[in-house]
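K.L.:
Before I ask anything, let me first share the structure, which is written out below as structure tokens.
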Amino acid sequence: MLDMAANRVVQKYQQASCEQLWEQNEKPKSAQEQEIIRFLHSDPQMRTEFINQIASPVANKMFECGMIP
């Protein structure tokens, strides 16, 4: 489940344009995304693993899109 969620996040950021990411950032999260977020909040070890998997590709895309300095 964790790997699937991490892969989904990485694919979302790699395949989306900057404009799409800005639009998606403003939309409310789906029920499935909210469930995964609750799970990650409740399990620090899994949250660390998740962040380790997505950090580099997501941060790079956010930097390219001007979402982080």
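K.L.:
As an exercise: evaluate residue 21 against (1) in a helix (DSSP H, G or I); (2) over 12 Å from the mean Cα position of the chain (by Cα) and give the number of the one condition it does not meet.
P.N.:
Residue 21 satisfies every listed condition except (2).
K.L.:
Going through 11, 53, 45, 34 one at a time, which residue ends up being in a helix (DSSP H, G or I) and modelled with pLDDT under 95?
P.N.:
So the residue among 11, 53, 45, 34 that is in a helix (DSSP H, G or I) and modelled with pLDDT under 95 is 34.
K.L.:
Being in contact with a Leu (Cβ under 8 Å, 6 or more places away or on another chain) and in a loop (DSSP other than H, G, I, E, B) is the filter here, so list the residues in the stretch 56-69 that pass it.
P.N.:
65, 67
The values are calculated or read from the model by the stated rules, or taken from the named source; none is laboratory data. Quantities reported herein were computed from a predicted structural model and do not represent experimental measurements. For neighbour counting, all protein chains shown are included, and Cβ atoms are generated from backbone atoms with ideal geometry for every residue, glycine included.
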